[in-house]
Structure formats: structure tokens, C-alpha cells
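**Student:** I'd like to ask you about the structure that follows.
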Amino acid sequence: GELQNEVFARANGMKLGDVAQSMTIHDGTAYIVVNNSGIVFGIDPETFRIERVIRGIGSPRYICFNDSVAYVTSLYEPRIAVVDVATAAVADYIETPDHTSTEQMAIWGDTLYVSCWSYDDAVLMVDLTSGEVAGEIGVRSQPRQIALDGDGRLWVLTDGGYSGSPYGSETPSLFRIDAGTFRIEKKFQFYSTSTPSELQLNGTR
């Protein structure tokens with residue numbers, strides 16, 4: 001029943017940075033992706049002190065883990081950074097030609113699904129064995145959030161863009177995709193005036 005502010009600054013003697021975009025907890029470390037500052041802090045979720053720092057990624061957005069490897073998407077780079085978790089260093093890149101903005105991710109088997117948000121309408125399928133984009137699924141304008149449920153279904157939420165956008169705008173929608181066959185099974189359409197966001201799953205997925 002208690003709220004504490006500025007815990008990062010108090011623990012580390014410095015501000016977190018410009019736009020704390022997302023946070024993911026993995027193996028007892030909380031990874032905070034700070035978009036405009038171009039940095040990812042790995043902190044102890046109990047003490048809030050910095051344990052590791054990932055640098056060298058232009059405009060990072062989200063981080064996703066697969067054993068000892070992490071994948072970090074970018075708002076302005078046509079590639080996904082592959083990070084060695086042990087060293088917190090960028091070890092490689094997955095090139096995403098024709099897609100300059102990658103957003104949220106989900107892993108199903110050996111496939112990394114990646115939503116392409118800004119001025120785009122695709123969900124990429126990355127083969128984690130080869131480290132290359134193996135295909136893509138076209139949805140509606142600006143797929144932002146992505147989540148994998150307990151039945152192997154991928155849920156993709158599009159925000160539809162905005163009125164006056166050079167890319168155009170569409171009605172926001174929620175797609176259900178079979179992660180094994182890559183087939184769109186269902187589409188739920190929102191009202192044209194709605195702005196759905198922050199897709200989440202419950203504890204049992």
C-alpha cells in the first residue's frame with residue numbers, strides 16, 4: 001500500500017533517461033528500454049541498482065529473450081539487434097529490409113514474430129535458426145502490440161494510424177493468427193473513433 005517515486009535515480013544517482021518505453025523481467029533482472037536515450041538498463045528489481053547496460057542500438061523499443069540471447073527492436077533502424085545476455089553486447093543483427101520500424105515480439109518454436117508499427121502493416125516471421133526474415137503476414141495499418149496465448153495463437157493489435165497520416169489510416173483491429181500455420185483465423189474490428197492499446201494476456205495466457 002505504498003508508492004515510491006524516482007527509485008532508479010535514488011538508487012543510481014542519475015536519471016533514467018528520455019522515454020522509458022518498456023520493461024521486461026528475465027532471470028531476475030529487469031530490463032528497461034529507454035527509447036530516445038538509445039540505452040537499455042538491466043537493474044535489480046529489488047534494489048533498482050544497475051547490473052548491466054546495453055548500448056549501440058538506435059532508438060530501441062522492446063526486448064525479448066530466448067535463453068542466453070536477447071532481441072531488441074528499433075523505431076528507426078531496418079534491423080533487430082541480437083544481444084549476448086552474458087556480456088550485454090550486441091553480437092549480431094537481423095536485417096529487416098523494407099521495414100524500418102520494428103516493435104513488439106513473441107517467440108513460437110524457432111520463429112520470432114515481430115510487429116512492424118510505424119507506417120507499416122506487417123508482422124515479420126524470423127527464422128531463429130538462420131537469423132533471417134522467412135516471411136511476413138499482412139494485417140492492417142500499424143500493428144503495434146503482439147501477444148502469444150497458451151493455445152499457440154498470436155494476437156496482433158493494430159492502431160490504424162491517424163487521420164492525415166501520409167501512410168493513410170484504417171479502423172483499428174485485433175487479429176488472431178495461428179502461430180504454426182501463419183494463417184489469420186479471425187479479425188475483430190473496433191469503432192473507427194476508438195484508440196485501443198496495451199494488449200495483455202491473463203496469468204494462464
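The values are calculated or read from the model by the stated rules, or taken from the named source; none is laboratory data. What you are looking at is a predicted structure, and each value in this text was computed from that prediction instead of being measured. With ideal geometry, Cβ positions are generated from the backbone for all residues, glycine too; neighbour counts draw on all protein chains shown. Quick note on the areas: whole protein, heavy atoms, side chains included, nothing else; ligands and nucleic acids left out. Shrake-Rupley method; radii C 1.70, N 1.55, O 1.52, S 1.80 Å.
**Student:** Select from segment 1-28 the residues that are open to solvent by 100 Å² or more (accessible area, probe 1.4 Å) and within 25 Å of the chain's Cα centre (by Cα) and write down the one among them that is farthest from Val53 (Cα to Cα).
**Tutor:** Among those residues, the one meeting the criterion is Glu6.
**Student:** So, in segment 39-93, how many residues would count as being touching a Ser or Thr at 6+ places or on another chain (Cβ under 8 Å) and over 23 Å from Trp117 (Cα atoms)? Reasoning before the result, please.
**Tutor:** As a first pass, look at segment 39-93 and keep what is touching a Ser or Thr at 6+ places or on another chain (Cβ under 8 Å): 42-45, 51-52, 57-65, 73-81, 84-86.
Among the residues that remain, those that are also over 23 Å from Trp117 (Cα atoms) are: 42-45, 51-52, 84-86.
Count: 9.
**Student:** Out of all the residues in segment 173-184, is one or more surrounded by 19 or more Cβ atoms within 10 Å (Cβ to Cβ) and part of a loop (DSSP other than H, G, I, E, B)?
**Tutor:** Within segment 173-184 (the criterion being surrounded by 19 or more Cβ atoms within 10 Å (Cβ to Cβ) and part of a loop (DSSP other than H, G, I, E, B)), the answer is yes, since at least one residue qualifies.
**Student:** Scan segment 108-117 for residues that are open to solvent by less than 60 Å² (accessible area, probe 1.4 Å) and not small (Gly, Ala, Ser) and jot them down.
**Tutor:** Thr111, Leu112, Tyr113, Val114, Cys116, Trp117
**Student:** A further question follows. Considering only residues that are touching a residue at least 24 places away in the same chain (Cβ under 8 Å) and surrounded by fewer than 16 Cβ atoms within 10 Å (Cβ to Cβ), look in segment 83-107 and name the one that is farthest from Phe65 (Cα to Cα).
**Tutor:** By that ranking, first place goes to Pro97.
**Student:** Still on this structure, I have one more. Does Asp151 count as open to solvent by 40 Å² or more (accessible area, probe 1.4 Å), farther than 21 Å from Ile177 by Cα and more than 17 Å from the chain's Cα centre (by Cα)?
**Tutor:** It is false that Asp151 is open to solvent by 40 Å² or more (accessible area, probe 1.4 Å), farther than 21 Å from Ile177 by Cα and more than 17 Å from the chain's Cα centre (by Cα).
**Student:** For Gly160, indicate whether it is outside any strand (DSSP E or B), at positive phi and crowded, with 18+ Cβ neighbours inside 10 Å.
**Tutor:** Answer is yes for this residue.
**Student:** Now a separate question. Can you tell me which residue among Thr111, Thr129 is of a type in the set (Val, Ile, Thr) and under 15 Å from the mean Cα position of the chain (by Cα)?
**Tutor:** Thr111 is the lone residue from the list that is of a type in the set (Val, Ile, Thr) and under 15 Å from the mean Cα position of the chain (by Cα).
**Student:** Within segment 118-142, count every residue that is closer than 17 Å to Ile63 by Cα, surrounded by 19 or more Cβ atoms within 10 Å (Cβ to Cβ) and in contact (Cβ under 8 Å) with a residue 40 or more places away in the chain.
**Tutor:** 2
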